[in-house]
Every structure is written in structure tokens, then in C-alpha cells.
Amino acid sequence: MNAVIVAPTGGPEQLTFVERERPLPKPGETVLRLSRIGVNFIDVYQRRGSYPVPPGTVLGFEGVGRVPDGKRYAFIDHFGAYAEYVAVPNEKLFPIPDAVSDDAAMVLFQAVTAQYLTASCIP
């Protein structure tokens, strides 16, 4: 599978396109074939080294994808979205109803951020 890693940290030129083995799920994980990924500023912080990650980390903290039976899920707060496939802990998966498009499901991280800010900043 194709993936984008960061090694070493620095500017966008440090993002490297690599070929990797498709992940195998550990107990309690599900492998998604990604259709959409979120690109967030935290990815830039990690690439720059402001939030250190190990060399060779596949960046990307959120995505939308399908399992082999066609069910769709979204996830947030898990590395590995800059790839074709990612193994995600089941507790981080959100089922996507048929009425919601993959594009609409990609607002999860932004929605969580907005909810947090409005709940914690507005008395």
C-alpha cells in the first residue's frame, strides 16, 4: 500500500511517499480502506517537530473508510490516515449512516473542536 511518512522532521519536503505492507489488525482493531482523510494543523506541528513523533510515522489523525463488507466508519485521534489502509482501535471508530457522505463525515475533528470550544469558553 502507499503511505506518506515524515522522516526527519522539517518542512513539507520531509514528507516521503513510501510503499508499505498493508496493516494487519491486532485484537480489538479494524482495518479500513480509506476514502477521505483529514489534513489538520496538528499534522504540520508533528511534521515540523513541535509535537515530536518517531521517524517514519504515518501522519494523519482522522479518516473515513470502508471495511470489506462495505460498512463505512470514521475515526479521529489515531495516526496513520496518510495511507491507503489503516488499522484503527474499535473504540475510535464511528459508524457512518448511509445518509451521510464521506465528505460530510470528515468534519468530525472540526466538530469536536467546535463543541469543546463552545462548551469550555462560553459560560
Using 0.36 nm per residue of separation minus the Cα-Cα distance, give me the extension gain between residue 18 and residue 107 in nm, one decimal. 29.3 nm
How many angstrom lie between the C-alpha centres of segment 69-123 and segment 1-30? 19 Å
What's the magnitude of the charge dipole for segment 1-86 around its Cα centre, counting Lys and Arg as +1 and Asp and Glu as -1 at the beta-carbon? Answer in Debye, nearest 20. 180 debye
Theoretical ellipticity at 222 nm over the chain - DSSP helices of four or more residues, -39500 (n - 2.57) apiece, nearest 500: -6000 deg cm²/dmol
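With a cap of 13 neighbouring Cβ atoms within 10 Å, and only residues DSSP puts in a loop, list the GluC sites (Glu not before Pro) found in segment 1-55.
Sparse-neighbourhood loop GluC sites (Glu not before Pro): 21.
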I want to make sure I understand the PRE zone here: with the label point 7 angstrom from the Cα of residue 2 toward its beta carbon, which residues in segment 37-56 have backbone N atoms less than 17 Å away? 37-39
Among 117, 70, 88 the positive-end extreme of the charge dipole of segment 23-123 (Cβ point charges): 88
Per the Cauchy relation, a quarter of the hull surface: what is the mean projected area of the convex hull of the alpha carbons in segment 2-121, in nm²? 8.4 nm²
Taking 0.36 nm per residue of sequence separation and subtracting the Cα-Cα distance, how much length would be gained by fully extending the chain between residue 66 and residue 98, in nm to one decimal? 10.3 nm
What trypsin sites (Lys or Arg not before Pro) in segment 19-94 are in a loop by DSSP, with at most 14 other Cβ atoms within 10 Å of the Cβ? 20, 71
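Every read-out reported here was derived from the displayed coordinates using simple, explicitly stated rules and does not represent laboratory data. Quick caveat: nothing in here was measured; it's all calculated off a predicted structure. Cβ atoms come from the backbone with ideal geometry, glycine included; neighbour counts cover every protein chain shown.
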